[in-house]
Amino acid sequence: MSWTINVTIERHIVARPVTTDRYTVEIEPHRNILDVIEKIWAEQDRTLTFRHGCHHASCGSCAIVANGREVLPCIVHVEDTVKKDGGTLALGPLRNFPVIADLVVDMEPLFAVMEKAGMPIVGPADPLPGQPEDDYNAFENCIECGICMSACPVVATDSEYMGPAGLAAVYQSINHTADASERSRLLDMVDTPSGIWRCHVAYECSELCPSNVDPAGKIMTLRRMATFRRIRRLLGIKEKKEATHGIDTTPVKQ
Amino acid sequence: MSAERLSVVVIGAGSTGAAVAHDLALRGLAVTVVERGAIASGTTGRNHCLLHSGGRYCVKDQESAVECIEENMILREIMPHSLELNDGFFVAVSDSDMDYMRKFLEGCEACEIPYKQLTADEARQQEPYLSENTLAAVAVPDGVFEPQRMCMAFLATAKKNNAVVKPFTEVVGLHVTGGRVHGVRVWDRISLTEYDIDTDLVVNAAGPWAEEISAMANVDVPVVPTPGVMVSMTGRYAHKVINRLNVSSDGDIVVPQRETSIIGTSSWTVDNPDYIEILEDHVQMMYDRGSEMVPILNKVEPRGIFVVARPLIGSASEDEREIARTFQCFDHAQRDNVEGFVTIAGGKTTTARAMGETTADVVCAKLGVDEPCRTKTTRLLSYRAFYRI
């Protein structure tokens with residue numbers, strides 16, 4: 001059985017004031033919000049601009065704000081957001097990014113930070129559920145979707161702040177290298193007032209991350225690492241040589 | 001003639017268009033890519049993410065299988081550290097699968113696909129979530145990619161070689177004068193304005209929309225939009241790609257990617273690939289068939305359910321499973337008396353680089369450019385460079 005839902009979309013068009021357009025869409029409630037957007041584009045309004053790619057939370061390109069919360073519309077069901085037949089779905093672009101058009105934001109600032117953090121694209125795979133460690137590889141969990149940057153209250157007010165995605169990426173880079181001087185350089189990069197110490201511990205990033213990255217947990221671990229390093233330096237203890245594999249935070253359960 | 005000042009417009013920024021742009025830009029041509037949506041927002045994006053070893057085609061479509069294994073090895077070189085490389089299994093869970101094994105091994109030999117036979121115990125030791133009914137397995141060098149990021153890597157490298165990439169730029173007309181295509185009319189979806197781009201040649205790499213584009217030059221291309229349903233399940237239950245050791249059929253593959261398992265796929269044909277309804281019985285078929293190989297997949301939640309049309313070459317009357325998965329480059333001057341217009345169709349993301357090479361060879365021959373292909377050995381920039389350049 002289809003639902004009839006009322007969709008409002010923020011329209012950002014170059015050199016025009018932001019407006020809100022309204023659409024009525026018939027769709028089965030277990031379909032995803034991205035299906036709603038694609039259906040509006042295909043059947044009602046070819047001027048609507050949005051980004052999408054994989055439709056299964058892997059490419060990160062469709063992230064938007066739906067009914068006030070950052071989501072990947074490709075994996076969020078209509079019924080979980082709209083709640084009832086005849087309900088409303090309000091869509092807008094991610095916050096804290098320059099808007100290019102409608103639901104499309106400029107991802108360049110995030111990718112610049114991710115490049116600086118140098119997070120590998122592929123790393124050691126986590127073991128399969130209930131199985132021992134093995135020598136396999138997997139893509140890093142972070143899909144670089146920008147949701148954490150949009151949800152973070154500090155990013156909203158401080159353009160100097162490196163942000164949750166970048167800081168979590170630096171943590172992963174530290175974890176992936178066995179080179180002590182490289183680890184030290186990476187920690188230097190974030191052990192700054194606009195790095196790990198700028199986080200307000202709001203945990204919005206970890207709550208909304210669609211990919212179990214837990215940026216806030218990683219930022220807290222980086223703070224401990226930086227603090228221990230200061231203590232070691234004060235006491236004149238040399239840097240540890242071994243890699244930091246094994247220091248990890250508990251992933252957020254979805 | 002040197003490539004200087006010769007310009008090419010490539011329509012489509014899926015894997016084919018991205019690879020064509022990269023190849024032409026490396027040869028020195030002035031390339032402009034126009035894409036009506038976001039990068040990889042069509043067929044490529046909604047990909048199964050399988051870096052083919054060729055195993056899936058080595059019995060019935062050996063030309064495709066050979067293309068796959070060759071390109072698989074090249075991609076490992078030109079985009080290192082950007083692929084999940086844990087190999088793949090073809091698993092037998094029925095007597096009919098076991099009967100197929102001999103043909104499969106002969107196919108691997110014929111196509112020079114490296115393989116290793118495993119007993120059921122060996123296979124289940126490596127992949128403990130495989131069915132208890134597993135009878136045997138064959139390991140092959142399958143892998144997993146990120147399709148959108150592969151496109152961005154091709155395009156970032158193309159941009160470094162002076163290509164211009166224009167997403168949200170939809171072709172609404174081709175300019176044809178005296179039997180020659182010499183420009184495109186585009187609609188800028190950001191500013192909602194139209195403008196023209198003059199060019200020496202147009203490459204149509206619009207995938208299942210190729211026919212829509214070619215019709216603008218009154219040319220027909222035999223592309224059949226052939227959708228398939230895929231279901232991405234919550235959780236990763238194998239490190240290797242798990243294929244059914246049998247003739248290709250619905251729901252016969254599980255691709256692990258990051259923390260998910262993607263079951264695919266089905267096959268039917270449509271006229272309009274813009275919005276395709278997801279068929280509920282196909283989704284159920286993915287659960288049923290996928291769990292014959294990895295039983296836990298029937299007990300976990302789906303994460304994303306998606307459908308997209310493959311751009312197969314053939315006629316709609318053919319059985320879509322029988323259509324070869326290889327690619328074809330059409331020079332419309334030879335075929336339809338329309339100069340300055342080339343269509344590249346068919347193929348798959350694994351063979352995108354080869355599709356780019358073949359197309360660029362045709363384009364350069366037509367424009368009199370004498371530059372060799374260098375994409376086999378040119379390392380691609382990271383996808384993260386795409387926005388910076």
Yes or no: B:L85 hydrophobic (A, V, I, L, M, F, W, C) and either under 29 Å from A:I121 (Cβ atoms) or open to solvent by 60 Å² or more (accessible area, probe 1.4 Å) (or both)?
yes
Inspect all residues belonging to region A:41-57 and state whether any of them is touching a residue at least 24 places away in the same chain (Cβ under 8 Å), more than 11 Å from chain B (Cβ to nearest Cβ), crowded, with 16+ Cβ neighbours inside 10 Å and not in a helix (DSSP H, G or I).
no
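Name every residue in region B:272-281 that is assigned to a loop (DSSP other than H, G, I, E, B), more than 9 Å from chain A (Cβ to nearest Cβ) and open to solvent by 40 Å² or more (accessible area, probe 1.4 Å), in order of residue number. Don't jump to the end; show me each part of the working.
Going through region B:272-281, the residues assigned to a loop (DSSP other than H, G, I, E, B) turn out to be B:272-279.
Narrowing the set further to residues that are more than 9 Å from chain A (Cβ to nearest Cβ) leaves B:273, B:276-277, B:279.
Passing the criteria: B:E277, B:L279.
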Of the residues in region A:22-40, those that are farther than 17 Å from A:K83 by Cβ, part of a strand (DSSP E or B) and either under 27 Å from the mean Cα position of the chain (by Cα) or within 12 Å of chain B (Cβ to nearest Cβ) (or both) come to none
Quick one: which residue in A:I147, A:I143, A:I100 is touching a Pro at 6+ places or on another chain (Cβ under 9 Å), over 17 Å from A:P215 (Cα atoms) and of a type in the set (A, V, I, L, M, F, W, C)?
A:I100
All positions within region B:43-57 that are part of a loop (DSSP other than H, G, I, E, B) and away from chain A (no Cβ under 13 Å)
B:H52, B:S53, B:G54
In this structure, is B:R46 basic (K, R) and open to solvent by 40 Å² or more (accessible area, probe 1.4 Å)?
no
Report, by residue number, each residue of region B:287-316 that is part of a strand (DSSP E or B), within 14 Å of chain A (Cβ to nearest Cβ), open to solvent by less than 30 Å² (accessible area, probe 1.4 Å) and not β-branched (V, I, T).
B:G304, B:F306, B:A309
Number of the exception - B:I69 against (1) on the phi < 0 side of the Ramachandran plot; (2) assigned to a loop (DSSP other than H, G, I, E, B); (3) open to solvent by 10 Å² or more (accessible area, probe 1.4 Å):
(2)
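Taking region A:93-111 as the region of interest, how many residues are among the charged types (D, E, K, R), within 10 Å of chain B (Cβ to nearest Cβ) and either under 20 Å from A:L167 (Cβ atoms) or touching a residue at least 40 places away in the same chain (Cβ under 8 Å) (or both)?
As a first pass, look at region A:93-111 and keep what is among the charged types (D, E, K, R): A:95, A:102, A:106, A:108.
Applying the additional criterion that residues be within 10 Å of chain B (Cβ to nearest Cβ) yields A:102, A:106, A:108.
From the residues that got through so far, the ones that are either under 20 Å from A:L167 (Cβ atoms) or touching a residue at least 40 places away in the same chain (Cβ under 8 Å) (or both) too are A:102, A:108.
Residues in region A:93-111 being among the charged types (D, E, K, R), within 10 Å of chain B (Cβ to nearest Cβ) and either under 20 Å from A:L167 (Cβ atoms) or touching a residue at least 40 places away in the same chain (Cβ under 8 Å) (or both): 2 in total.
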Take the residues in region A:191-221 that are polar (S, T, N, Q) and part of a loop (DSSP other than H, G, I, E, B); name whichever of them is surrounded by the most Cβ atoms within 10 Å (Cβ to Cβ).
A:S211
Residue within region A:72-90 that is in contact with a Phe, Trp or Tyr (Cβ under 8 Å, 6 or more places away or on another chain), open to solvent by 10 Å² or more (accessible area, probe 1.4 Å) and of a type in the set (D, E) present:
yes
Looking at (1) closer than 22 Å to B:C329 by Cα; (2) touching a Ser or Thr at 6+ places or on another chain (Cβ under 9 Å), which is the only condition B:L50 fails?
(1)
Examine region B:152-168 for a residue that is closer than 30 Å to B:V66 by Cβ and out of contact with any helix residue (DSSP H, G or I) (no Cβ under 7 Å at 6 or more places or on another chain), and state whether such a residue exists.
no
Kindly indicate the residue of region B:12-42 that is open to solvent by 10 Å² or more (accessible area, probe 1.4 Å), outside any loop (DSSP other than H, G, I, E, B) and in contact with a strand residue (DSSP E or B) (Cβ under 9 Å, 6 or more places away or on another chain) and also farthest from B:V144 (Cα to Cα) among those meeting that condition.
B:A30
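Restricting to region B:257-271, and then to whatever is part of a loop (DSSP other than H, G, I, E, B) and over 17 Å from the mean Cα position of the chain (by Cα), can you tell me which residue is nearest to B:L83 (Cα to Cα)? Before the answer, list the steps.
The first filter runs over region B:257-271 and keeps only residues part of a loop (DSSP other than H, G, I, E, B), leaving B:258-259, B:265-271.
Then keep just the ones that are over 17 Å from the mean Cα position of the chain (by Cα); that gives B:258-259, B:268-271.
Values: B:R258: 11, B:E259: 15, B:W268: 30, B:T269: 31, B:V270: 32, B:D271: 34 Å.
Once the filter is applied, the top-ranked residue is B:R258.
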First in region A:112-134 and within 10 Å of chain B (Cβ to nearest Cβ) and in contact (Cβ under 8 Å) with a residue 40 or more places away in the chain, second anywhere and surrounded by fewer than 18 Cβ atoms within 10 Å (Cβ to Cβ) and of a type in the set (G, A, S), Cβ under 7 Å, 6 or more apart
none
Unique residue being open to solvent by less than 50 Å² (accessible area, probe 1.4 Å) and either in contact (Cβ under 8 Å) with a residue 24 or more places away in the chain or more than 7 Å from chain B (Cβ to nearest Cβ) (or both) when the list is A:A63, A:A15
A:A63
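Here is a list: B:E132, B:E194, B:E127. Which entry is of a type in the set (D, E, K, R) and buried (at least 19 other Cβ atoms within 10 Å of the Cβ)?
Details: B:E132 fails: buried (at least 19 other Cβ atoms within 10 Å of the Cβ); B:E194 fails: buried (at least 19 other Cβ atoms within 10 Å of the Cβ).
Step by step, each of B:E132, B:E194, B:E127 is checked, and only B:E127 is of a type in the set (D, E, K, R) and buried (at least 19 other Cβ atoms within 10 Å of the Cβ).
The values are calculated or read from the model by the stated rules, or taken from the named source; none is laboratory data. Small disclaimer: the values here were computed from a predicted structure and weren't measured. Note that each Cβ is placed from the backbone with ideal geometry, even for glycine, and that neighbours are counted across all protein chains shown. Accessible surface is based on the protein model in full, side chains and every heavy atom, while ligands, DNA and RNA are left aside. Shrake-Rupley method; radii C 1.70, N 1.55, O 1.52, S 1.80 Å.
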